[in-house]
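> I'd like to ask some things about the structure below.
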Amino acid sequence: MEASAFMDAPRTRRRFLRSALLAILGLAIIFGIALYFRPLWAWRQTTQIWLRVQGIGSSYAQLGPYRIQYFVGGKGSPVVLLHGLGGEAGDWALSMPALMRGGFRVYAIDLLGYGRSDRPDVDYSIALQSDIVRQFLDRQGLERADFAGWSMGGWIALKFALDHPERVHRVVLYDSAGISFKPPVDPRLFAARTRQDLRRLYAALSPRPLHIPQFVARDLLRQAAERGWVVRRSLDSMQAGHDLLDGKLGAIHAPVLIVWGKQDALIPLSCGEEMHREMPQSLLVALPGCGHLAPVECRRQTLADTMRFLRADVALVGELR
């Protein structure tokens, strides 16, 4: 019996390996099919798995009637990351691990209507999103935090700093909206309806726009058809002008770092320069060769400047130059 069992051991191992390889092959085929037909879903799942490996988990917070999805990880001073129009928390996937390793506890929120958060029938105003941020801080027990906002997220961070100055330690803005200007392109491209719309949008976002494969474009347009109404509702609220911050930014006294892509064709550098003038305690860093996607296109420089700013005992104008 013992000899027979010994002889069967290699055979058993071969069967196990064969079964494992078949299972892996089956999973690869399923993932390949999902990648082709639902590439955005596959990207989100891959991002979430990768972040979990980095020690960053995802969860939900119930804020009144609304459920908000967020990523969180790390220990140390809290940093809240706010994405832009049409974006989601996963847009910060390349920044979160670095900030976490730098000694921060990082929170990246799917704003109301975006990502995996609820999409109720509301106005999606900057004021509403700012109040969502307040409720989120209350839910997490955070009395005060640093904030980093990208595009629309920067506008929300500035609005929050004006409404709740005691809860804001420092603010980092990346190509931020918030003050009036004449858009060089139609912002409704964020709710693209055609492949031509997508090409025009990506040309405005980056001076080096990537080629979008047809199967990815198809899924982007499908998602825009399902969720574009949230983007359009957000734009309607923005363009109504009730939450514009022109002439109000001088009331912000928290240190502010303004990071801008010099080749931003969506929100021009002149907006960052105006914000810098209105907030004399701010720092302005303009990054050559980058457009509206500076946190991705110029990630190394953006992260280095952000870390130095958030770690500094005192933020002095010119310190990062």
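The values are calculated or read from the model by the stated rules, or taken from the named source; none is laboratory data. In this text the structure is predicted, and so the values were computed from the model without any measurement. Neighbour counts are summed over all protein chains in view; Cβ atoms, including those assigned to glycine, are modelled from backbone coordinates with ideal geometry.
> Examine the stretch 43-55 for a residue that is of a type in the set (Gly, Ala, Ser), more than 21 Å from ALA217 (Cα to Cα) and at pLDDT 95 or above, and state whether such a residue exists.
Scanning the stretch 43-55 turns up at least one residue that is of a type in the set (Gly, Ala, Ser), more than 21 Å from ALA217 (Cα to Cα) and at pLDDT 95 or above.
Rundown of residues vs (1) crowded, with 22+ Cβ neighbours inside 10 Å; (2) among the hydroxyl-bearing types (Ser, Thr, Tyr); (3) without any contact (Cβ under 8 Å) to a residue 40 or more places away in the chain, yes/no style:
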position: GLY250; (1), (2), (3): no, no, yes
position: TRP260; (1), (2), (3): yes, no, no
position: GLN263; (1), (2), (3): no, no, no
position: ARG300; (1), (2), (3): no, no, yes
position: MET307; (1), (2), (3): no, no, no
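> If you don't mind, there's one more thing I want to ask. Working only within the stretch 173-197, note down all residues that are under 29 Å from PRO213 (Cβ atoms) and without any contact (Cβ under 8 Å) to a residue 40 or more places away in the chain.
Those that are under 29 Å from PRO213 (Cβ atoms) and without any contact (Cβ under 8 Å) to a residue 40 or more places away in the chain: ASP186, LEU189, ALA192, ARG193, THR194, ARG195, GLN196, ASP197.
> While we're here: I'm told GLN263 meets every condition in (1) farther than 30 Å from GLY103 by Cβ; (2) out of contact with any Cys (no Cβ under 8 Å at 6 or more places or on another chain); (3) outside any helix (DSSP H, G or I) except one. Can you identify the failing condition by its number?
Only one criterion is unmet by GLN263, namely (2).
> Any chance you could count how many residues in the stretch 162-187 are under 19 Å from the mean Cα position of the chain (by Cα) and part of a helix (DSSP H, G or I)?
Going through the stretch 162-187 one residue at a time, the tally reaches 1.
Matching residues to (1) among the charged types (D, E, K, R); (2) under 22 Å from the mean Cα position of the chain (by Cα); (3) more than 30 Å from ARG44 (Cβ to Cβ):
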| site | (1), (2), (3) |
| --- | --- |
| ASP219 | yes, yes, no |
| PRO255 | no, yes, yes |
| TRP260 | no, yes, no |
| LEU269 | no, yes, yes |
| CYS290 | no, yes, no |
| GLU297 | yes, yes, no |
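> Consider ARG227 carefully, then state whether it is under 22 Å from ALA61 (Cα atoms), touching a strand residue (DSSP E or B) at 6+ places or on another chain (Cβ under 6 Å), of a type in the set (Lys, Arg) and in a helix (DSSP H, G or I).
Criteria not met by ARG227.
> Now a separate question. Take the residues of the stretch 129-151 that are in contact (Cβ under 8 Å) with a residue 60 or more places away in the chain and part of a helix (DSSP H, G or I): which is nearest to SER176 (Cα to Cα)?
Applying the filter and picking the extreme gives ILE132.
> Another question, then. Keeping to the stretch 77-99, report how many residues are in contact with a Lys or Arg (Cβ under 8 Å, 6 or more places away or on another chain), modelled with pLDDT of 95 or more and either within 15 Å of GLN140 (Cα to Cα) or of a type in the set (A, V, I, L, M, F, W, C) (or both).
Total satisfying the criteria: 3.
> Condition first: buried (at least 19 other Cβ atoms within 10 Å of the Cβ) and free of Cβ contacts under 8 Å to residues at least 40 places away in the same chain. Now tell me which residues in the stretch 286-298 satisfy that.
LEU287, CYS298
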